[in-house]
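Enquirer: Shown below is the structure under consideration.
What follows draws every value from the coordinates through simple rules; no lab data is involved. Small disclaimer: the values here were computed from a predicted structure and weren't measured. Positions of Cβ are generated from backbone atoms using ideal geometry, with glycine treated the same way; all protein chains shown enter the neighbour counts.
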Amino acid sequence: MDLLHSLQLTLAEELISVSGLILLLVAAWSGDKAARLISIASVAVLVACAALAVPALAGAAAGPDTYAFGAQYKADAFSAFGKILIYLGAAVTLIVAPAFLDRFNAMRAEFPLLVLFAALGMGIMVSAGDLLALYIGLELNSLAAYVLAAFLRTDDRSAEAGLKYFVLGSLASGILLYGISLTYGFSGHTDFAGIRAALGAGVMSTGATFGLVFVLAGLAFKISAAPFHMWTPDVYEGAPTPVTTFFATAPKVAALGLLMRVSIEAFGSQPGAWQQIVIFAALLSIVIGALGAIGQDNIKRLMAYSSINNVGFMLIGLACGTQAGVSAMLVYLAIYVVMSIAGFVAILMLRDADDRPVESIADLSGLSKTRPGLAVALAAVMFSLAGIPPLFGFWGKFVVFQAAVQANLVALAAIGIAASVIGAFYYLKVVKVMYFDDAADKVHGRNDLAHTVLLVAASIFLSPLGYLLTNWLHLLAGNAASALFHA
Amino acid sequence: MIQAFAFYLFAGMMLFSGAVTILARNPVHSVLWLILAFFNAAGLMVLAGAEFIAMLLVIVYVGAVAVLFLFVVMMLDIDFAELRAGFIKNFPLGMLLAAVLFVELFVGIVVRSAGSLQLSHASGTAAPAAGLTNTQAIGALLYSKYLFLFEAAGIILLVAMIGAIVLTHRQRGGVRGQNVSKQVARRPEEATINVQPEVGKGVSL
């Protein structure tokens, strides 16, 4: 093992760890006064790390040259794609969080540090080449996430969200670990290449199948795919809105990346064993996400069901088990992250006269008259999530369904399209409330520049102008997917 | 032969106490059964020749449960008279568990001296390196092959610590902290005053 080469490949992780430790000392000595400064420094670190990942992605890095520490860590194009999205999500969280938390007098210097360490864990997750790296990255991310969900500790709903997330997350971690130990026991390896070689293409032993099922169940919890989605609405609703923004973006990317790596790299020789599980989870997530959202009156809960629904569509890409399917899934994932950012930044801008957050959908009525700009942006997000053609959200669904049809999963694609029509109902309901109902005149409050800039940038990406990026996005997603298949 | 006997003893006891852990109605009893389950798992590890993991199980888990108990005893308002009555009532069960543990300890020592259980390996990779105790073998792997993950695990512990502080630490007013240099520098003249009150009048403090 060439230690120096390994250290070069893990530069992003080292940068985040060292700057996290230094900023922790700053936080310890200067207290919460330094919270803004630490946030700005953390955003700078995250942007720098995202920039570090660009060469690997653009150069389609793959193969043994990208393996660090004996293939426990893989700095290939796939991990670079995931990391750029993860660091983007984390940076946006840090940009929007201070204003929100300040209003509750809850901005503390540890907030950006927890986000930074969570991003470190997620970077390890998408780069994992070994079951141990998978688990350590996942736990690092989850522990930080539990604390972030409960960050408004004087608020009952936030504390409840933190506790629920912690208890259910620990259970999922236990299931995942059980699966990992079974997989190790029946294959004799923890590294993905070793597992793949040991399982071979023949009949899979019952023990290894159990291991696979438990590992997938544990990961399905982390991506909030049905039937392991129960925690999502409560946690999304209870957690502070910037933290919900974080949960809807970065950890989703990390856990989906991990799921793709485990399925393709570790269990790639046994596609039949996991494809049916993924298809089942995809269908159930799409249907539960679409039906569950109908009765919701809180917009954060609505977004939670929308995320379950979208994860289902993304899993269709994985269910294909082909390079085109994974590439389509990555395109969808990138578009979904921007849609989530736009949606939650818009939700953060909804505040009443006392500067308290407005979360009820009924209170949005007549928003088009009081705040036309915000209403347009929110409507663009809703249309985009529904996948209505001129907007960019349509493209993600289109490429995923195209990959499914090419992989002879026509029935799956047909059910997905039918369910997306059900989904369109509740997205359009929000638009209807904003544009056609009498003004409730609830939303007031000035908005700071950072939110406006983020919302405008994300809305332009989602607008038909986004189609100018399709070639570029497909090239990068193709690089990432090919790295996964030519490991 | 005796290895196989010890294996089934430990494994059977572990499964039994694991089942009772989730079936027992009294949470304190559950915890006691859990200790027994961990103890038997440690016995299995000794049989397999992994004495380091066995000691880890006993120290970390049994120790952690003991500390948890201590916290419960400290935090709850426990009526000690009632506890003593409970002690008499639970004495036979406690003695039984102690006897089981003692017998197992004895069997474990006998078996250990007769040579450890030979495990079959799925591949040759799990076999320990010759001439190393397994503490040395784990240490050598942890600081070379698994260096990256070991350091990352350290960050997890740091995050857990930060999280605990974030969720529980709060600034309270009116707390008198220690100021060592000020306390040491204090002289008797600053701390006491000498007054001569008139008869029938109090002193004002």
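Enquirer: What residues qualify as long-range amide H neighbours of A:A61, i.e. H under 5 Å apart, gap of 5 or more or another chain, H built at 1.01 Å from N?
Expert: The list, which skips near neighbours in sequence, is A:A77.
Enquirer: Further question on the same structure: Tell me, what is the percent relative contact order of chain A, built from C-alpha pairs under 8 Å that lie six or more residues apart?
Expert: On the way: 888 pairs, mean separation 77.4, N = 487.
Across chain A, relative contact order equals 16 percent.
Enquirer: Of A:G211, A:S365, A:V453, whose Cα points farthest to the positive end of the dipole of chain A (charges on the beta-carbon: +1 Lys, Arg; -1 Asp, Glu; origin at the Cα centre)?
Expert: Value computed over the given set: A:S365.
Enquirer: Please report, to two decimal places, log10 I(q)/I(0) for the stretch A:345-449 at q = 0.11, 0.16, 0.23 Å⁻¹ as given by the Debye formula with identical point scatterers on the Cα atoms and no solvent.
Expert: Result of the Debye calculation: -0.43, -0.73, -1.14.
Enquirer: Using only Cα atoms, tell me the angle between helix A:241-261 and the longest principal axis of chain A; keep it within 0 to 90° and round to the nearest 10.
Expert: With rounding to tens, the tilt is 20 degrees.
Enquirer: In square nanometres, what is one fourth of the surface area of the convex hull spanned by the alpha carbons of the stretch A:29-95?
Expert: Mean projected area of the Cα convex hull: 5.7 nm².
Enquirer: If you take the alpha carbon radius of gyration of chain B and divide it by 2.2 N^0.38 Å, what ratio comes out, to two decimals?
Expert: 1.68
Enquirer: Still on this structure: Which cross-chain or sequence-distant (5 or more) residues have an amide H under 5 Å from the amide H of A:D130, H modelled 1.01 Å from N in plane?
Expert: The list, which skips near neighbours in sequence, is A:F192.
Enquirer: Quick check: convex hull of the Cα atoms in the protein assembly as shown, volume per residue, rounded to a whole Å³?
Expert: On the way: hull volume 163.3 nm³, N = 692.
Hull volume over Cα atoms, normalised by residue count, gives 236 Å³.
Enquirer: Still on this model: Spelling out what I want: for every residue of the stretch A:232-237, take phi, set θ = phi - 60°, compute 6.51 cos²θ - 1.76 cosθ + 1.60 (Karplus), and round to whole Hz; glycine and proline get x.
Expert: Once rounded to whole Hz, the list reads 4, x, 5, 5, 5, 6.
Enquirer: Work out from phi, with θ = phi - 60° and the Karplus expression 6.51 cos²θ - 1.76 cosθ + 1.60, the ³J(HN,Hα) of each residue of the stretch A:286-294, listed in order in whole Hz, and give x for Gly and Pro.
Expert: With the stated coefficients, the stretch A:286-294 comes to 4, 5, 5, x, 6, 6, x, 6, 4 Hz.
Enquirer: Now for a separate question. In nm, to one decimal, how far is the B:A66 label point from the A:D2 one, both placed 7 Å along Cα→Cβ?
Expert: With each label placed 7 Å out from Cα toward Cβ, I get 5.0 nm.
Enquirer: Within a 10 angstrom radius of the beta carbon, how do A:V262, A:V405 rank from fewest other beta carbons to most? Before the final figure, lay out each step's value.
Expert: On the way: A:V262 24, A:V405 14.
Fewest-to-most ranking of A:V262, A:V405: A:V405, A:V262.
Enquirer: Would you mind counting up the charge near A:A254? Only other residues with Cβ under 13 Å from its Cβ, with Lys and Arg at +1 and Asp and Glu at -1. Mind showing how you got there, number by number?
Expert: Values: positive: A:K83, A:K222, A:K252, A:R261; negative: A:E139.
Local net charge: +3.
Enquirer: Still on this structure, I have one more. Between A:R351 and residues 5 or more places away or on another chain, which pairs have amide H atoms under 5 Å apart, with H built 1.01 Å from N, and which residues are they?
Expert: The answer is A:V358, A:H444.
Enquirer: Could you pull the Cα extents of the stretch A:1-114 along its three principal axes, largest to smallest, in whole Å?
Expert: 49, 25, 17
Enquirer: Can you give me the Rg/Rh ratio for the stretch A:37-181, using Cα atoms for both radii and the Kirkwood formula for Rh?
Expert: Numbers: Rg = 16.7 Å, Rh = 16.4 Å.
Rg/Rh: 1.02.
Enquirer: Something else now. I'd like the projected area of the stretch B:1-109, averaged over all directions, using the convex hull of its alpha carbons. Report it in nm² with one decimal.
Expert: Numbers: hull surface 29.1 nm².
Answer in nm², one decimal: 7.3.
Enquirer: Here is a further query. Apply the Karplus parameterisation 6.51 cos²θ - 1.76 cosθ + 1.60, with θ equal to phi minus 60°, to every residue of the stretch A:157-172 and state each ³J(HN,Hα) to the nearest whole Hz, in sequence, with x for glycine and proline.
Expert: Couplings: 5, 5, 4, 5, 4, x, 5, 4, 4, 5, 5, 5, x, 5, 4, 5 Hz.
Enquirer: Test of the criteria: in the stretch B:1-90, which trypsin sites (Lys or Arg not before Pro) are in a DSSP loop and have at most 16 other Cβ atoms within 10 angstrom of their Cβ? Kindly include the intermediate steps, with their values, before the conclusion.
Expert: Numbers: sites: B:R25, B:R84, B:K89; in loops: B:R25.
Sites meeting the loop and neighbour criteria: B:R25.
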